[in-house]
Amino acid sequence: MKNEYGLDVDYFTKPCARKFNPDMIRRQPPQDLASALARAARTTCAGVQREEAFEWERLYAPGQIVAGDEIRIQFNGKSITVHVAEVLNPGSDREEVVYNRRKNFYFVTSMAIEGSSHAKQERIRIRPLQPE
C-alpha cells in the first residue's frame, strides 16, 4: 500500500515497529540506531541526506578541526563561515583555532565547547574520510 505521496507504507511499517520501538531503542548502541535511521532516510528520500543541514557537525572535542576546514560560528550575533588558517596545540585542552591570522581572530576549543568563548554554536563542515 502506498500513501498519498507514493511512499510504500508496508515496506516501512514492520521494520520501523521492530527497530524503533522503545524497548529496542533502550538496548541499541547509538551507532546501530543511527545506521537504521540513515538507511530508512536513504530509502525514503535519498536527497534529504544531501541537504546542507547534514553537512555540518557540532564541535564537541579538541582534535576535530584541522587547518583548511570550513567552520561556521556565531560571532557578534551573526553567523559567519570561515576557513581555518591554523590549529595550535591540536587535540589538547589548550587547542586554539585561528581563523583570521591578520586580525588575530581565534578561539580556544575547550572554551567554545563549554560556552565561555566569544565564538558561539560552532559547527564544522564534515570532511570525507581520507584513505590511510
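The values are calculated or read from the model by the stated rules, or taken from the named source; none is laboratory data. None of the values given here were measured: they were computed from a predicted structure. Virtual Cβ from ideal backbone geometry, glycine too; neighbours counted across all protein chains shown. Protein only, heavy atoms only, side chains kept; ligands, DNA and RNA dropped before computing areas. Shrake-Rupley method; radii C 1.70, N 1.55, O 1.52, S 1.80 Å.
A single entry from M24, M111 fulfils the requirement of being without any contact (Cβ under 8 Å) to a residue 12 or more places away in the chain and touching a Ser or Thr at 6+ places or on another chain (Cβ under 8 Å): M111. When E51 is tested against (1) of a type in the set (D, E); (2) farther than 30 Å from T13 by Cα; (3) at pLDDT below 90, just one condition goes unmet, and that condition is (2).
Just the residues that are among the basic types (K, R) and in contact (Cβ under 8 Å) with a residue 24 or more places away in the chain, please, taken from the range 72-87.
R72, the sole residue that qualifies.
Scanning the range 79-97 for residues that are open to solvent by less than 80 Å² (accessible area, probe 1.4 Å) and in a strand (DSSP E or B) yields S79, I80, T81, V82, E86, V87, L88, E96, V97. The selection criterion, being open to solvent by 40 Å² or more (accessible area, probe 1.4 Å), out of contact with any Cys (no Cβ under 8 Å at 6 or more places or on another chain) and either of a type in the set (F, W, Y) or more than 30 Å from S117 (Cβ to Cβ) (or both), does not hold for N100. Please verify whether A34 is within 30 Å of R125 (Cα to Cα), among the hydrophobic types (A, V, I, L, M, F, W, C) and in contact with a Cys (Cβ under 9 Å, 6 or more places away or on another chain), treating the condition exactly as stated. Here the answer is no, as A34 does not meet what is asked. In the range 18-64, of all residues being loosely packed, with under 11 Cβ neighbours inside 10 Å and among the acidic types (D, E), the one that is farthest from E95 (Cα to Cα) corresponds to D23. Within the range 10-65, the set of residues being within 28 Å of V97 (Cα to Cα), part of a loop (DSSP other than H, G, I, E, B) and not aliphatic (A, V, I, L, M) comprises E51, Y60, P62, G63, Q64.
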